[in-house]
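These notes concern the structure reproduced below.
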Amino acid sequence: ARSARERCRRFASAPTDPTPAAALRHVEGRSRDLSQVRPEWGHCTNAFAVVGRRCLSQGLFFDRRGFVISYDPTQDPTGAIVERILLAMGPVGAGINLEYYFSSVDNQVYGCDTKVPHNVSGLLGVMEGAASDLRTGLPRQMIEIHEPMRLLLIVEATLDVLGGIYTRQPAIAELLDNQWVHLVAMDPQTGAFTRFVAGEGFVAWDEHIPDLPVVQTSHEYYRGKEGFLPPALISTGVPRSQTATGS
């Protein structure tokens with residue numbers, strides 16, 4: 001119900017600041033409404049993925065823009081586990097992200113325009129009305145609030161592990177060399193960030209990270225707001241060990 005309330009703020013027809021129960025009724029109702037052209041936003045607004053321990057993202061508000069994949073580098077000294085993870089989620093995450101990206105930058109060419117006149121043709125695709133080319137990509141109603149950007153992939157692993165994966169796996173190398181995704185490595189011991197630059201390899205990232213706003217609950221942060229929100233720290237969701245050390 002609380003997840004439904006958070007999603008409701010991006011639906012134009014949803015009640016303003018509903019209770020969790022009212023929000024749940026609304027999202028369930030629109031999912032069953034055959035006349036509803038925007039039953040859900042799906043992966044719309046996706047921007048990044050985190051592969052690492054849950055403590056990295058716990059207590060953070062990401063505005064429903066990230067994929068979070070649990071992975072513990074301390075239990076994977078050879079990097080075999082993270083290699084399998086990246087081989088699975090790298091192409092899948094990039095595919096989802098790029099589908100929204102291209103459908104957003106030119107919906108007429110790379111998307112399929114409005115879904116209202118679409119007809120399924122031969123179980124192969126959709127066409128507009130009774131006579132048109134097959135349309136590819138996503139309809140306008142799925143990308144109206146999307147902010148097109150390449151997927152930022154943050155992986156908690158050493159440079160040796162990620163460098164080895166890059167060398168061995170052409171599918172990963174192709175995504176990085178062609179800049180279809182952006183990769184940032186986070187050292188499991190020091191927490192230092194290193195970004196991958198096509199043609200150069202891994203380069204130290206030392207830009208200043210501003211302090212995040214701190215709020216008691218996510219509802220306090222997004223209440224009454226409809227647009228994109230920057231990350232925030234939810235104090236009630238931060239583990240006690242982190243608050244005790246001031247991290």
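What the table below lists for this structure:
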quantity	calculated
Leading residue by the ranking (farthest from Gln169 (Cα to Cα)) among those in segment 80-113 that are touching a residue at least 60 places away in the same chain (Cβ under 8 Å) and surrounded by fewer than 18 Cβ atoms within 10 Å (Cβ to Cβ)	Leu98
So Ala49, is it of a type in the set (A, V, I, L, M, F, W, C) and touching a strand residue (DSSP E or B) at 6+ places or on another chain (Cβ under 8 Å)	yes
Residue among Ser3, Ser31, Ser103 that is small (Gly, Ala, Ser) and at pLDDT 95 or above	Ser103
Flag if Glu144 is within 30 Å of Pro15 (Cβ to Cβ), under 19 Å from the mean Cα position of the chain (by Cα), surrounded by 12 or more Cβ atoms within 10 Å (Cβ to Cβ) and not hydrophobic (A, V, I, L, M, F, W, C)	yes
Which numbered condition Leu56 fails, given (1) in contact (Cβ under 8 Å) with a residue 60 or more places away in the chain; (2) outside the structural domain of Leu183 (by TED's automatic domain parsing)	(2)
Segment 10-28, subset surrounded by 17 or more Cβ atoms within 10 Å (Cβ to Cβ) and either of a type outside the set (Phe, Trp, Tyr) or not in a loop (DSSP other than H, G, I, E, B) (or both), residue nearest to the chain's Cα centre (by Cα)	Arg10
Selected residue (criterion: farthest from the chain's Cα centre (by Cα)) from residues of segment 29-63 that are of a type in the set (Asp, Glu) and within 17 Å of Arg9 (Cβ to Cβ)	Glu40
Residue, nearest to the chain's Cα centre (by Cα), within segment 77-102, restricted to residues that are of a type in the set (Val, Ile, Thr) and within 13 Å of Val155 (Cβ to Cβ)	Ile85
Which numbered condition Tyr71 misses (of (1) out of contact with any helix residue (DSSP H, G or I) (no Cβ under 7 Å at 6 or more places or on another chain); (2) closer than 30 Å to Tyr221 by Cα; (3) surrounded by 14 or more Cβ atoms within 10 Å (Cβ to Cβ); (4) at pLDDT 95 or above)	(1)
Residue list for segment 151-186, filter: within 20 Å of Val50 (Cβ to Cβ), out of contact with any Leu (no Cβ under 8 Å at 6 or more places or on another chain) and in a loop (DSSP other than H, G, I, E, B)	Ala157, Thr158, Gln179
Condition check for Glu220: among the acidic types (Asp, Glu) and assigned to a helix (DSSP H, G or I)	yes
Of all residues making up segment 114-124, the number that are surrounded by fewer than 13 Cβ atoms within 10 Å (Cβ to Cβ) and either touching a Lys or Arg at 6+ places or on another chain (Cβ under 7 Å) or in a loop (DSSP other than H, G, I, E, B) (or both)	5
Subset of segment 64-76 that is of a type in the set (Val, Ile, Thr) and more than 10 Å from the chain's Cα centre (by Cα) - its residue that is farthest from Arg5 (Cα to Cα)	Thr74
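The values are calculated or read from the model by the stated rules, or taken from the named source; none is laboratory data. None of these values were measured; they are calculated from a predicted model. Because the Cβ atoms are built from the backbone with ideal geometry, glycine has one as well, and the counts that use them run over all protein chains shown.
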